[in-house]
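What follows is calculated from the coordinates using simple rules that are stated; it is not laboratory data. Here the structure is a predicted model, which means the values were calculated and not measured. All Cβ positions, glycine included, derive from the backbone under ideal geometry; neighbour counts span all protein chains shown.
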Amino acid sequence: MSSSALPDRERAQAHPAPLSNRLLNLPNFLTLCRIAAIPFLIALMDKRRYGSALVLFGAAAITDGLDGSLARWGGSRTELGAFLDPFADKLLLISSFVVLTVQGLIPAWILGALAVRDVVVVFGYLLLLFLTGDRIPVRPTYAGKLCTFLALSCIVAALLGWPLMESRKFIWHVLLYVTVAMVAISGLQYVYRGLTLLNSREPQMFS
């Protein structure tokens, strides 16, 4: 039977696409564009050009939604994309928080809470990897997604000048406290999931 008579799926399996094509697909390209935009975003914030920074930040947020949707709909998920997407999100989030904290628009304790949560999550993952010997897939929780959304909302509100507006200060402080509360809840949820997983594998680990 000739290769032209094979179904598309079988032909794709018989002649897989080059590695470069599978890694540098459209979702991964959008993620790389988001990472490349971060230095420009930091530069705009540093020059206090908050309007332009807000536009660029919004464009980066749009690519964050697009790359995940394209990867799911097109069946083009890759290991590189699974690593790059959360890395780009964290880099965008933390770098924006650092600049805005230095400029006095966002309180340092918000940045500290986010940093502590991320350190605990990363350390816990590495500990699980060491104890179990298995690479465990990381799936974001609803609390984690809400935490990220609130943190992004803090950045948008800061770029809009809410910390300096008397009419918005109450809403701004409510947003800050709700964000910190969700940071704590999501962190505890990740810790609970890690301990549950470790407890379920304990007999195999020490048998």
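By the count of neighbouring beta-carbon atoms within 10 Å, fewest first, Met45, Met165, Met182 end up ordered Met165, Met182, Met45.
Compute log10 of I(q)/I(0) for the stretch 84-207 with the Debye formula, placing one identical point scatterer on every Cα and leaving out solvent, at q = 0.15, 0.16 Å⁻¹, to two decimals. Relative scattering, expressed as log10 I(q)/I(0), comes to -0.72, -0.79.
Between Phe170 and Phe149, the C-beta separation translates, for a Förster distance of 25 Å, into a calculated FRET efficiency of about 0.75. Stretching Leu195 away from Ile62 to a fully extended chain increases their span by 44.4 nm, per 0.36 nm per residue minus the current alpha-carbon distance. Applying the Karplus relation 6.51 cos²θ - 1.76 cosθ + 1.60 with θ = phi - 60° to the stretch 87-93 yields 3J(HN,Hα) values of 5, 5, 4, 5, 5, 5, 5 Hz, where x marks Gly and Pro. 3J(HN,Hα) couplings calculated from phi for the stretch 29-40 with the Karplus curve 6.51 cos²θ - 1.76 cosθ + 1.60 (θ = phi - 60°) are, in sequence order, 5, 5, 5, 5, 5, 5, 5, 5, 6, 4, x, 5 Hz; Gly and Pro show x. Taken one residue at a time, the phi angles of the stretch 153-167 give Karplus couplings (6.51, -1.76, 1.60, θ = phi - 60°) of 5, 4, 5, 4, 5, 5, 5, 7, x, 4, x, 9, 9, 4, 6 Hz. Gly and Pro are set to x.
Sorted ascending by nearby beta carbons within 10 Å, beginning with the fewest, Thr63, Thr132 become Thr132, Thr63.
Where nothing but the Cβ of Lys and Arg (+1) and of Asp and Glu (-1) is charged, how large is the charge dipole of the stretch 113-207 around its Cα centre, in debye to the nearest 20?
In debye, rounded to 20, the stretch 113-207 gives about 140.
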